[in-house]
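The values are calculated or read from the model by the stated rules, or taken from the named source; none is laboratory data. Because the structure is predicted, anything quoted here is derived from the model rather than measured. Positions of Cβ are generated from backbone atoms using ideal geometry, with glycine treated the same way; all protein chains shown enter the neighbour counts. Accessible surface areas use protein heavy atoms only, side chains included; no ligands, DNA or RNA. Shrake-Rupley method; radii C 1.70, N 1.55, O 1.52, S 1.80 Å.
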Amino acid sequence: MYLLRGIPISRGIAIGKTLIRYDIMKKVNLSQIKEDDKKTEITRYLNAIDQVKNEITNLVANKSGTLNQDTIQILQYYKVLLEEDFFIKNVIERIENDLYSADSALVYELEAIRKQFEKIEAEYFKSRFLDFKSIADRIIRKMNGDLELGEISEPIIIVAEEVSPAEMLHIKKELVIGIATESGSTTSHAAIIAESLEIPAVFGLRDLFNYIKKDDILIVDGYKGLVIVNPDEATVKDYKHLQKSYQKKEKEIIQVVNLPSKTVDDEGFKIYANVSNSMELNIAKRHQAEGIGLLRTELLFIANEKFLTEKEQFDIYKEYLLIFQGKDVVIRTLDMGGDKFFENSTSKDPNPFLGWRSIRVLLKEKEKFKQQLKAIIRASVFNDNIKIMIPMISSIEEVRKVKEIYKECEEEIKNEGKPFKYNISLGIMIEIPSAAILSNHLAKEVDFFSLGTNDLVQYTLAVDRNNQSVAEYYQPLNPAVLYLIHYTVVNANANNKPVSVCGEIARNPLYLRLLLGMGIRNFSVNPTYIPLVKSIIVNSSIADCKKLWNSVRNLKTAIEIERKLKDDLKKNFTEIYNSYFYDS
Ligand code: PEP
Ligand code: MG
């Protein structure tokens, strides 16, 4: 039995069998074979190819009727690729001439083809490499008896180096009961999706492949960020008990959504939902969200693995706007880039979070931006409270350019004779330090602010929000970050512009009372967290929260501030504190 410590990502406890997912390019054991074993190795390889071919033939037959025409075409193309020299002749030659194991021969061949594709700029060829990789991945799994996610028939816990947001969007919640990964962090987009799916998850488990093997039994404690490998009977019993008591508490806490949104000293507040799919939309509705505070439209594109047309976007926005008719719905324009890409896009931005991301892409690719803005503007007829939000704003000029393009879109829709609402409320994310510093000027240009603290922390402290090796530098409580948040709130209030927080800190019990003390009254959170967030706010008084903020605002380090916040949470919300923290 081993105990591994990582970052708590998604609440809940899972107990079950491991399914290992690894990147074949990095994790295959590269090895050689003896002269005598050549024949067996080639047979093992060709058998795996046959199995993959049969599997694809069965899938193409589409007996379940669940595959669309695009997917069937891709699968047919995979079958053709399997006949190419690359998969047959070249790999067999490497086994015969270089005495590589079949796994190694395939990985070396894949590496050779990757280098060839790297020289070719066209996106088509880059995405073609991913087709090769995807097939090679299947062959290697077949040779080693590893299951595909689609082949699982019993509940499993995924153990992986990392899970991309795109993969996460395709996970079946009934079968994947837990996730444990080596990299990733609380604010990575894969984490945000795991929370919505309510799958217990722990990320940032260093060297986990040294401790966890295929079929091991694991306990994933998503509250405290622990993974226990091959637990003894007593530990399993304790955790089953804990699992039941947490589930009971979660059920009790849900009742709070029926209470009025008032603090103990009668101050109003609003809790909105961050959403990107119908499942989250339903949870938001069930938990009586005040509206949608952040629709991450890029995740809709990623789930569909393509850039959606104006018509496709219009239909989706319409659905969201109608479900929350009469309530605020904030549609954020594409925030593509960083860690958010289509599965088959191989952008090679050397520093993706500082590079080709978000509004920078849209201002260059103006037609795509207009396509999205027009879809939103046209959908405005379904809900008067629609709002548009622009991510990653760093300067006044960007806002002015956006406004110009917005006006062009209105003009074009008018000429097309389609109905729409003029002058939709236009807001921006404050998630880059320059935007916080310029917030007094920006407040005069836009209608509202939303603090994107996930990025604000990473850009203020120059720390990649997804990079495990610098996780200790990712400090939401760094006084510099708190200063920027508070400065933004002061400027928003002085200009009578609403401000909310939509980053992950808004759903974290440790930070909530501090945010209230700093003057935040609007929170937009992952909808699964609405009951927890509300239970803390309705049981807090603003007077106490202001005292808390005043007691930390002059402290000089994140550690001192965190200590104060932990004491405050422990004293006022002992049960919540105990489920999230261990004092060791
Ligand atoms: C943020 O940066 O805090 C935010 C809410 O946006 P995203 O997590 O999508 O970057
Ligand atoms: Mg952001």
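Assorted remarks:
- Computed over segment 319-462, the alpha-carbon pair-distance distribution with 10 angstrom bins reads 11, 39, 36, 14, 1, each value a whole percent.
- What the Cβ-Cβ distance of V381 and E267 gives, at R0 = 35 Å and to the nearest 0.05, is a FRET efficiency of 0.50.
- Per-q log10 I(q)/I(0), segment 179-224, q = 0.17, 0.31 Å⁻¹ (Debye; single scatterer per alpha-carbon; no solvent): -0.49, -1.23
- In loop segments of segment 1-53 as defined by DSSP, the trypsin sites (Lys or Arg not before Pro) with at most 10 further C-beta atoms inside 10 Å of their C-beta are K34.
- Nearest-ten-degree value, helix 69-81 long axis tilted from longest Cα axis of the chain: 40 degrees
- Antiparallel %, DSSP beta bridges [both residues in segment 238-382], to 5: 25 percent
- In this label model, D349 and Y483 are separated by 2.8 nm, measuring between points 7 Å along each Cα→Cβ vector.
- Charge dipole (debye, nearest 20) of the chain; +1 at Cβ of Lys and Arg, -1 at Cβ of Asp and Glu: 1680 debye
- Between 0 and 90°, nearest 10: helix 123-144 axis offset from the chain longest Cα axis: 60 degrees
- Residue-averaged [θ]222 nm for the chain, counting only DSSP H segments that reach four residues, each worth -39500 (n - 2.57): -15000 deg cm²/dmol
- For segment 536-584, the dipole from Cβ point charges (+1 on Lys and Arg, -1 on Asp and Glu) about the Cα centre works out to 240 debye, to the nearest 20.
- Separation between Cα centres of segment 180-204 and segment 527-584, rounded to whole Å: 23 Å
- Global dimensions of segment 148-275 from alpha-carbon coordinates: Rg and Dmax equal 17.3, 54 Å.
- Translational D in µm²/s for segment 474-584 (Stokes-Einstein at 10 °C, 1.306 mPa s, Kirkwood Rh from C-alpha pairs): 111 µm²/s
- Quarter of the Cα convex hull surface for segment 265-554, i.e. its orientation-mean projected area (nm²): 14.8 nm²
- Calculated FRET efficiency for the pair Q247/K39, C-beta based, R₀ 51 Å, to 0.05: 0.40
- Charge dipole (Cα centre; +1 on Lys/Arg Cβ, -1 on Asp/Glu Cβ; no other charges) of segment 258-324 amounts to roughly 140 debye.
- Principal axis box of the chain, alpha-carbon based, largest edge first, Å: 80, 68, 44
- Rounded FRET efficiency, nearest 0.05, which uses the C-beta distance separating S425 from K213 and R0 of 56 Å: 0.55
- Think of the chain as having a plus end and a minus end, set by charges on the Cβ of Lys, Arg, Asp and Glu; of G225, N454, I92, N454 sits farthest toward the positive end of this dipole.
- K364 versus L130: modelled label distance in nm, points set 7 Å from Cα along the beta carbon direction: 1.8 nm
- Against the chain, whose longest principal axis is taken from its Cα atoms, helix 542-552 shows a tilt of about 70°.
- In terms of its Cα atoms, segment 295-393 spans 43, 26, 21 Å along the principal axes, sorted from long to short.
- Approximate spin-label separation N554-V80, in nm, with each point projected 7 Å along Cα-to-Cβ: 7.3 nm
- Estimated translational D of segment 408-545 in µm²/s (Stokes, Kirkwood radius over Cα pairs; 25 °C; 0.890 mPa s): 149 µm²/s
- A 1.4 Å probe run over the chain, with the rest of the protein chains in place, finds 44 Å² accessible per residue.
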